[in-house]
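Working notes for the structure below.
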Amino acid sequence: MSHILVNVAWPYANGPRHIGHVAGFGVPSDVYARYERMKGNDVLMVSGTDEHGTPILVEADKEGVSAQELANRYNRVIANDLCDLGLSYDLFTRTTTGNHEKVVQELFKQCLKNGYIYKGTQKVAISPSTGRTLPDRYIEGTCPICGADGARGDQCDDCGNELDPDELINPVSKINGEVPRFEETEHFFLDLPALAEANLAWLKTRKDWRTNVINFSIGLFKEVKPRAITRDIDWGIPVPVKDWIDNPNKKLYVWFDAVIGYLSASIEWARRKGDPEAWRAWWNDPSTPGYYFMGKDNITFHSQIWPSEMLAYNGQGSKGGETGELGPLNMPEQVVASEFMTMEGKKFSSSRGIVIYVKDILSRYPVDAVRYYISIAGPESSDSNFTWSEFVRHNNEELASSWGNLVNRVANLIAKNFGEIPAIDENEMTDEDRALLDETREAFATAGNFIESHHQKAALLEAMRVVGDINKYISATEPWKIKDNPARLGTVLHVAAQAVSDANHLLAPFLPHASQKVWEALGGKGTFSPLPHIEEVEDLDKPGFKYPIITGDYKLGVNVHPWESEPIEVGAPVAKPTPIFAKIPVEAVQEELDRFSADLAARKEAEAERLAAEKAKLAN
Ligand SMILES: [Zn+2]
C-alpha cells in the first residue's frame with residue numbers, strides 16, 4: 001500500500017462553477033482517486049474554494065455585500081455542486097479558515113528568513129475616479145508578450161503568461177472603461193530567479209507528463225522575474241511582518257496563498273481527524289507522489305509558483321537556507337493539466353452567458369451521464385467541445401442502450417429463471433465462456449495502466465469495449481432459448497453476471513452512482529461506491545466561523561471493492577430490475593439550445609446596460 005496525494009485545483013469563489021471547470025479539474029481527479037483506492041492505496045484528496053483577491057471584492061461591491069459574505073455564499077454553492085457530482089474529497093475546505101492563514105504565514109516567514117522573499121517597490125493601478133486600487137484581473141489591454149488583445153492585468157489567456165497590470169499596452173479598467181493611473185508602493189517580492197535553477201532542474205527530471213504541459217512548463221523559465229506577492233488591498237491574509245501585520249490595506253496576494261491550500265487542507269484534514277501529524281505521510285515522505293489536477297490555465301501556478309514556494313521554504317534555491325517545521329515539502333509528481341472545453345463551439349464565459357452551470361445540468365440530467373460525457377469527450381489531452389447533441393447521444397447509445405440494457409437483460413433473465421445468482425456447472429463451461437471471463441479479468445490491467453498514465457478516456461473505452469463483448473456473448477449464447485438444460489442456462493447466466501460485475505468494477509471510478517445500482521441489481525449488499533457528503537463544521541482556530549466541508553469514508557473500513565474481478569456470490573437474491581439508465585428525449589437538445597440563446601441575449605443586454613450606467617456615473 002502506498003500513500004498517494006491527489007491535489008485538485010481550487011475553484012474561485014466569485015460565482016458558481018460551470019461544466020468546463022469540472023471537466024478540467026473535477027471529474028478526472030475523482031476518477032483517479034477512486035481508482036487508486038480500489039487498488040488498495042491510501043489516497044488523500046484535498047481542495048477547497050479560493051476566496052481571496054480582488055475579483056471577490058469587486059463582485060461583493062457589485063452586490064452590496066462584504067467580501068466574506070460573498071465568499072460564504074459561493075463556497076457553499078460550489079461545495080454543494082462538487083458533492084452532487086460525487087467528487088470524493090477527503091477534505092474540501094476554503095482559504096478563509098484560520099488554519100490556512102497560519103500555514104500561509106508560516107511559509108511566508110520561512111521563505112523570508114531564507115532570503116527568497118524581499119522588500120521592494122511595485123507600480124500599482126489606481127482608479128482615478130474612486131482613488132482605490134484596481135484589481136489586476138479587471139484591467140484589460142494588449143499582451144506585451146504575444147500581442148493578443150483582451151489580456152488581463154494578471155494573465156494573458158492567449159499565451160498563458162502571468163502579467164503585471166503595468167506591463168499591459170493601452171490598459172483600461174473593465175469596470176468602467178477608464179484609464180488607470182499607476183503609482184509606486186512598497187511590496188514583498190518572491191525571488192523567482194533565485195529559485196529558477198532548482199525549479200527547472202526538478203522539471204527536467206519529470207517523466208511521462210503530457211507533452212503540452214511539460215513544454216509549456218519548461219518554457220516558463222526562458223525569462224524569470226521576481227514577482228510581488230503582496231497587494232494594496234483590504235481583503236486577504238495579513239502579511240506576518242512588523243508594521244505590516246496590522247495594516248488593513250496591505251495583504252498577501254491571492255496566488256501566493258491559494259497554492260498553499262493543498263498543504264493547509266491536508267493539515268486541516270489531519271487536525272479534524274484528531275491525528276494532527278497524519279498529513280506528513282503525504283508531504284514529507286519523498287516516496288509519496290502528489291498528483292495535481294487542473295485546467296491548462298493553471299499550469300504556471302503548479303509548475304513554477306508552488307514548486308518555487310516549496311523550494312524556498314525547504315531552503316533549496318540558490319541562496320540555500322533551512323526548512324521550516326512543516327518541511328521538507330515534496331515537489332509534485334505530476335501536473336495533470338487538461339486542455340480547454342468550449343460550449344457549442346464558443347469559449348465558456350460566465351460574464352458572456354456562454355455557460356452551463358453544474359447545478360443546472362445536474363437538476364435536469366443524471367449525474368453519471370454528466371460524468372460519462374466529461375470522461376469520454378472531455379478535454380483530456382486536446383481541446384474539446386461540449387455539445388448538447390453529443391451529450392444526449394453518448395448517454396442514449398452508450399450508457400442506456402449498450403451498458404444499461406445489458407445489466408437489465410442479465411438481471412432480468414436471472415430473476416425470471418432462478419431468482420438468485422446461479423452456480424456454474426463446470427461440465428457445462430465452454431471455451432466461449434472461459435474466453436469472456438479471461439477477457440474481463442485482463443481488462444483490469446489494461447484499463448488500470450491507462451488511468452495510471454492519465455489516459456482516462458482510453459481506460460473508459462477499454463471498459464466499454466468489454467461491455468460490447470459481453471453483449472456479443474449474450475447474443476451468441478441466446479440464454480432465452482435454453483429451455484431444457486438448467487445447468488447450461490445457470491452457467492451462461494453466471495458467466496454473464498460475473499462479466500457484468502467485472503465491467504461494473506471497471507466503470508466504478510467513472511460512474512460511482514450507477515455502479516452502486518448495478519452492484520445491487522446483481523444481489524450485492526452494502527456500499528459498493530462510496531459517495532461524499534457535506535458536513536457543517538466550525539473553524540478550528542476562529543471560534544464561531546462555520547462552514548460546510550466535503551468529506552466521506554471512502555475506505556469502507558477495509559472493505560474497499562478491489563480493482564480486479566471480484567467473484568459474485570452464488571445464491572444472492574436477484575429481483576426483477578428497474579432500469580438504471582434512462583434515455584434522454586432527443587427534444588432536449590433543441591430545448592437546451594433555445595435556453596442557451598435566450599440566456600446569451602439576456603446577459604449581453606444586462607452587461608451593456610451595466611457598463612452604460614457606470615460610464616454615466618463617471619460623466620457626472
Ligand atoms: Zn499573451
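At a glance:
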read-out: Helices (runs of 4 or more DSSP H) wholly inside the stretch 359-442 that include at least 2 residues being within 24 Å of L522 (Cα to Cα); value: 367-377, 405-417
read-out: The stretch 122-172, subset part of a strand (DSSP E or B) and away from the ligand (no atom under 16 Å from the Cβ), residue modelled with the lowest pLDDT; value: T133
read-out: Count of residues meeting criterion [part of a loop (DSSP other than H, G, I, E, B) and touching a helix residue (DSSP H, G or I) at 6+ places or on another chain (Cβ under 8 Å)] in the stretch 531-577; value: 23
read-out: Residue within the stretch 173-192 that is crowded, with 18+ Cβ neighbours inside 10 Å and within 16 Å of the ligand (Cβ to nearest atom) present; value: no
read-out: Filtered residues of the stretch 585-613 (kept if out of contact with any helix residue (DSSP H, G or I) (no Cβ under 7 Å at 6 or more places or on another chain) and of a type in the set (D, E, K, R)); value: E587, E591, D594, R595, D599, R603, K604, E605, E607, E609, R610
read-out: Count of residues meeting criterion [crowded, with 24+ Cβ neighbours inside 10 Å and at pLDDT 95 or above] in the stretch 243-259; value: 5
read-out: Any hit, the stretch 568-580, residues being touching a His at 6+ places or on another chain (Cβ under 9 Å) and farther than 26 Å from N80 by Cα; value: yes
read-out: Residue list for the stretch 582-610, filter: among the hydrophobic types (A, V, I, L, M, F, W, C) and either out of contact with any Lys or Arg (no Cβ under 9 Å at 6 or more places or on another chain) or at pLDDT 75 or above (or both); value: A582, I584, V586, A588, V589, L593, F596, A598, A601, A602, A606, A608
read-out: Residue in the stretch 449-495 that is farthest from the chain's Cα centre (by Cα), counting only those that are surrounded by fewer than 24 Cβ atoms within 10 Å (Cβ to Cβ) and among the small types (G, A, S); value: A487
read-out: Options G86, G26, G40; residue that is part of a helix (DSSP H, G or I) and out of contact with any Ser or Thr (no Cβ under 7 Å at 6 or more places or on another chain); value: G26
read-out: Identity of the residue in the stretch 439-494, of a type in the set (G, A, S) and without any contact (Cβ under 8 Å) to a residue 12 or more places away in the chain, that ends up farthest from E564 (Cα to Cα); value: S475
read-out: Given (1) under 30 Å from L600 (Cβ atoms); (2) crowded, with 21+ Cβ neighbours inside 10 Å, number of the condition D360 does not satisfy; value: (2)
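Residue-by-condition table, conditions (1) over 25 Å from L311 (Cβ atoms); (2) surrounded by fewer than 20 Cβ atoms within 10 Å (Cβ to Cβ):
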| position | (1), (2) |
| --- | --- |
| Q68 | yes, yes |
| Y74 | yes, no |
| L82 | yes, no |
| F92 | yes, no |
| L107 | no, no |
| G115 | no, yes |
| K123 | yes, yes |
| P128 | yes, yes |
| G147 | yes, yes |
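The values are calculated or read from the model by the stated rules, or taken from the named source; none is laboratory data. In this text, all values refer to a predicted model and were calculated from it rather than measured experimentally. Positions of Cβ are generated from backbone atoms using ideal geometry, with glycine treated the same way; all protein chains shown enter the neighbour counts.
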